Amino acid sequence: MEEVERLALEHKPKLMWVGFTAYAREFPFEEFGKIADKVGAYLAADIAHISGLVASGVHKSPIPYVHIVTTTTHKTFRGPRGGIIMVTQKGLDKDPDLANKIDKAVFPGLQGGPHDHTTAAIAVALKEMMQPEFKVYCQQIVKNSKALAKSLMENEIKVVTNGSDNHLILVSLTNFGKGKGIFAQEALDEANITMNKNTIPADPSSPFYPSGVRMGTPSLTTRGMKEKEMELIGKWISEVVHEIKKYELPEDKKQINDYLKKFREEIKNNKKIHEIKNNVVELCRKFPLYPDFDVLR
């Protein structure tokens, strides 16, 4: 935060925009707000990943500290794909015409005709968000995230920040080598465990072939899974990661595509990964997406 303040005082920005896609701790909106106020900047917070948690009171709200809030309407919001831009009272106090300016910039400036079915689905998601059950759901998301992080660490997987305060976990695979994210992502996908490769702080590799993976617990929580299941899943993730330890990205970039092609063929025939895949399928059968409907049949 000291570096952020130093840069803000040096450059005097008119707008500061904050928000992360792979930040596993509670976000310091208040600290950013103080810095923005010090230099007279507008502060916009993108809370696409945590908007559901914020709405349910499980994560601190940016509203008192920022002028503008943006969010997507999927992720923890748990609606369809879409977006919302909100102006706070602090924003209106700074510029009473701010909301009108944003409306005009969006439509007709940037956006075409609305998709009414999506708007209706967003309304349904907002209605669900106002129910007491949604807060219980969000609380369980965080409990599951903490439990999954704990399980991973107990199974020799390095978790960035040593845990999580929200819905996501960022894993560093640097203890197995650099650029392991692509191998872990594809091997886990073969085991029916979906997550994505992701850069980590001070990543020794490139964004195309990063050294980490990112995962979250909202979908598992929606299915009804709890801490006990997170313990199992963390163990399975660790076992898959250990299966790909021997793979290393070639130093010659021209060889990477051929090497990855060979890797994909080999993991398709990996007995341990397919044993875990069967375990994943059996677990998911116990927690179907819809009552009385086996989505995996």
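Of all residues in segment 18-76 being basic (Lys, Arg) and free of Cβ contacts under 8 Å to residues at least 60 places away in the same chain, which is farthest from THR88 (Cα to Cα)?
Residue satisfying both the conditions and the ranking: LYS38.
Among the listed residues VAL171, VAL136, VAL159, which satisfies the condition of being under 14 Å from the mean Cα position of the chain (by Cα) and assigned by TED's automatic domain parsing to the domain that holds LYS261?
Result of the check over VAL171, VAL136, VAL159: VAL171.
Considering only segment 217-227, I want to know if a residue exists there that is basic (Lys, Arg) and over 30 Å from GLU133 (Cβ atoms).
Checked against the condition, which is being basic (Lys, Arg) and over 30 Å from GLU133 (Cβ atoms), segment 217-227 yields no hits at all.
Would it be correct to say that GLY109 is surrounded by fewer than 16 Cβ atoms within 10 Å (Cβ to Cβ), in the same structural domain as ALA55 (by TED's automatic domain parsing) and within 30 Å of GLY181 (Cα to Cα)?
Considered against the rule, which asks whether it is surrounded by fewer than 16 Cβ atoms within 10 Å (Cβ to Cβ), in the same structural domain as ALA55 (by TED's automatic domain parsing) and within 30 Å of GLY181 (Cα to Cα), GLY109 comes out as no.
Considering only segment 1-78, give the helices (runs of 4 or more DSSP H) lying wholly within it that have at least 3 residues that are touching a Leu at 6+ places or on another chain (Cβ under 8 Å) and more than 30 Å from HIS117 (Cα to Cα). So that I can check it myself, show each step before the final result.
Numbers: elements: 2-11, 29-39, 51-55.
By residue number, 29-39.
Just to verify a result, which residue in segment 174-202, among those that are closer than 22 Å to HIS49 by Cα and assigned to a loop (DSSP other than H, G, I, E, B), is nearest to the chain's Cα centre (by Cα)?
Within segment 174-202, the match that is nearest to the chain's Cα centre (by Cα) is MET195.
Cβ-Cβ distance below 9 Å, separation of 6 or more or different chains: which pairs start in segment 77-93 with a residue that is in the same structural domain as ILE47 (by TED's automatic domain parsing) and within 14 Å of GLY52 (Cβ to Cβ) and end on one that is modelled with pLDDT under 95 and basic (Lys, Arg)?
Going by the 9 Å Cβ cut-off, there are no qualifying pairs.
Provide a single number: the residues in segment 186-209 that are buried (at least 18 other Cβ atoms within 10 Å of the Cβ), among the hydroxyl-bearing types (Ser, Thr, Tyr) and closer than 24 Å to ILE276 by Cβ.
1
Could you list, in sequence order, the residues of segment 40-77 that are among the basic types (Lys, Arg) and buried (at least 20 other Cβ atoms within 10 Å of the Cβ)? Please lay out each step first, then the result.
Going through segment 40-77, the residues among the basic types (Lys, Arg) turn out to be 60, 75.
The one that is among the basic types (Lys, Arg) and buried (at least 20 other Cβ atoms within 10 Å of the Cβ): LYS75.
Out of curiosity, is ILE233 in a helix (DSSP H, G or I), touching a residue at least 12 places away in the same chain (Cβ under 8 Å) and touching a strand residue (DSSP E or B) at 6+ places or on another chain (Cβ under 8 Å)?
Spelling it out, it is not the case that ILE233 is in a helix (DSSP H, G or I), touching a residue at least 12 places away in the same chain (Cβ under 8 Å) and touching a strand residue (DSSP E or B) at 6+ places or on another chain (Cβ under 8 Å).
Looking at LYS127, LYS150 in this structure, which one is under 24 Å from GLY224 (Cα atoms), over 17 Å from the mean Cα position of the chain (by Cα) and free of Cβ contacts under 8 Å to residues at least 60 places away in the same chain?
None of the others qualify; the one that does is LYS127.
With the checklist (1) in contact with a strand residue (DSSP E or B) (Cβ under 6 Å, 6 or more places away or on another chain); (2) assigned to a loop (DSSP other than H, G, I, E, B); (3) of a type in the set (A, V, I, L, M) in hand, flag the one item ALA99 doesn't pass.
Condition (2) is where ALA99 drops out.
Exactly one of (1) closer than 23 Å to ASN166 by Cα; (2) exposed (fewer than 14 other Cβ atoms within 10 Å of the Cβ) is unmet by ASP93. Its number?
Of (1) closer than 23 Å to ASN166 by Cα; (2) exposed (fewer than 14 other Cβ atoms within 10 Å of the Cβ), only one is false for ASP93: (1).
VAL213 versus (1) modelled with pLDDT of 95 or more; (2) farther than 25 Å from CYS138 by Cα; (3) among the aliphatic types (A, V, I, L, M): which is the lone unmet condition?
Here VAL213 meets the rest and fails (2).
Return yes or no: is PRO28 surrounded by 12 or more Cβ atoms within 10 Å (Cβ to Cβ) and either within 22 Å of the chain's Cα centre (by Cα) or of a type in the set (S, T, N, Q) (or both)?
It is true that PRO28 is surrounded by 12 or more Cβ atoms within 10 Å (Cβ to Cβ) and either within 22 Å of the chain's Cα centre (by Cα) or of a type in the set (S, T, N, Q) (or both).
The values are calculated or read from the model by the stated rules, or taken from the named source; none is laboratory data. In this text, all values refer to a predicted model and were calculated from it rather than measured experimentally. Cβ atoms come from the backbone with ideal geometry, glycine included; neighbour counts cover every protein chain shown.
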